[in-house]
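Notes follow the structure.
Read-outs throughout are calculated quantities, based only on the coordinates presented, and are distinct from any laboratory measurement. This structure is a prediction, so every number in the text was calculated from the model and none was measured. Note: ideal-geometry Cβ built from the backbone for every residue, glycine included; neighbour counts use all protein chains shown.
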Amino acid sequence: MQACQYLLINYRNRQNMSQRDFARKCKVSRQYISLIESGRRMPMLDFVLHIADGFDMSHKDFMMVLIDKISYYKNF
């Protein structure tokens, strides 16, 4: 599982948000969220920043969490 995929699924579920609700908050389609969560699509940097906005996190904080997860997954 990729870091962004993990974060998206984990954070969205912890906030009890559906893919549709989260997609609306990020201003993208639900299908795009589904593609990322299933690992069939890697989000571009600009969308990663939309994810941070969707979780009401600062871009800096979200990137730090993402970097931490990337480092974790690189060890596998």
Report task. Just need a number here: residues in the range 35-76 that are among the aromatic types (Phe, Trp, Tyr), loosely packed, with under 14 Cβ neighbours inside 10 Å and assigned to a loop (DSSP other than H, G, I, E, B). Result -> 1
Report summary line: Over the range 37-50, the set of residues touching a helix residue (DSSP H, G or I) at 6+ places or on another chain (Cβ under 6 Å) and not charged (D, E, K, R) is 39, 43, 49, 50
Report task. From 32, 11, 6, grab the single residue that is of a type in the set (Ser, Thr, Tyr), within 13 Å of residue 55 (Cα to Cα) and either without any contact (Cβ under 8 Å) to a residue 60 or more places away in the chain or surrounded by 12 or more Cβ atoms within 10 Å (Cβ to Cβ) (or both). Result -> 11
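Matching residues to (1) closer than 14 Å to residue 7 by Cβ; (2) among the aliphatic types (A, V, I, L, M); (3) touching a residue at least 12 places away in the same chain (Cβ under 8 Å):
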site	(1), (2), (3)
23	no, yes, no
27	no, no, yes
37	yes, no, yes
41	no, no, no
44	no, yes, no
47	yes, no, yes
58	no, no, no
62	yes, no, yes
